[in-house]
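Engineer: One structure follows; several queries about it will come next.
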């Protein structure tokens, strides 16, 4: 079902579609569509195209290089870019750290760090989870002890996405031990290109090097890199997570995946007929279509509420739960639809620069890779079980 907007937003959507048709490199869109891995250089190429247009961080204030898009415009862009198979923008700096700096950071921090995000000078990663602090994020044990004009940092972070590419990391660290666990946490920016910072790869279920462990041994960060007040980092962390969880509704990405699923259903056969004609499969596909349309409607309601005043609230937990479950179900059904072509998993086909030929249709390996990778969706960004607790307390008041 086509989304309906007012005249101004419809005009904006036409502008977005024209830009994507003209500027999105076909080879990058094809890689995204088939679930192939993008190199750092390929990601940076697309981000440079967006930056040249002023659309890399378009919802930022104009004073810092943004376009001051409305939340509706932001939704339209994310939706249309996903449908066009545009590479995702690496969110850690642009969509997660930036809102924190804009709300809680010092002006000199904004003037220093935000332009470097736009011009690609810095590649950020997120230092939140630890071996004993995942869903219970307040249990972080990485310490930052002040020595003069610096903090000395010791500890470990885990599941750190793209840390192998990053030169900067924003971290939750423990600076105080009194009171509740949440009371002694601070939010600090750390240079990864220094002695005392070690990155070790974690190879995920799909064979990709996406996440890492990061170890700090007497690493240092200037006091100027503390965001906001010492021991107030829990407030900033929660604010950041509402933005992360809202993005995890993934309406556009799921819509693109559903379109690929429809193509698979038209192409693959069962007893000599297109799989789309099978009543059982058609019923499952229809159920997914209905759930995705409901998610679109709910997302637009949250977008409208945000437009009326302030950032996302606990409703972002609802979007995170339903968005990740729908995404997993689409990929699960797509993998079932592939039948025997889902069995051979040729990781080398997906790597940048590879000339390996896939067994079966081009999309087969990518579907399997995406299915395996998507097992994490209901866990990261705060597990769905934790999100249900948030909804129970913050929305239902139970």
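Engineer: Among all residue pairs at least 6 apart or on different chains, which show Cβ distances below 7 Å where the first residue, located in the range 301-322, is in the same structural domain as residue 291 (by TED's automatic domain parsing) and modelled with pLDDT under 85 and the second is surrounded by fewer than 20 Cβ atoms within 10 Å (Cβ to Cβ) and not in a helix (DSSP H, G or I)?
Structural biologist: Listed pairs, sorted by first residue: 307/70.
Engineer: If we scan the range 20-32, do we find a residue that is over 27 Å from residue 360 (Cβ atoms), part of a helix (DSSP H, G or I) and in contact with a helix residue (DSSP H, G or I) (Cβ under 8 Å, 6 or more places away or on another chain)?
Structural biologist: yes
Engineer: Scan the range 33-46 for residues that are surrounded by fewer than 19 Cβ atoms within 10 Å (Cβ to Cβ) and either assigned by TED's automatic domain parsing to the domain that holds residue 209 or assigned to a helix (DSSP H, G or I) (or both) and report the count.
Structural biologist: Result for the range 33-46: 6.
Engineer: Confirm whether residue 187 is assigned by TED's automatic domain parsing to the domain that holds residue 133 and touching a helix residue (DSSP H, G or I) at 6+ places or on another chain (Cβ under 6 Å). Explain how you work it out, then say what you get.
Structural biologist: Numbers: assigned by TED's automatic domain parsing to the domain that holds residue 133: yes; touching a helix residue (DSSP H, G or I) at 6+ places or on another chain (Cβ under 6 Å): yes.
The answer is yes for residue 187.
The values are calculated or read from the model by the stated rules, or taken from the named source; none is laboratory data. The structure displayed is predicted, hence computed values, not measured ones. Cβ coordinates were reconstructed from backbone atoms using ideal geometry, including for glycine residues, and neighbour counts include every protein chain displayed.
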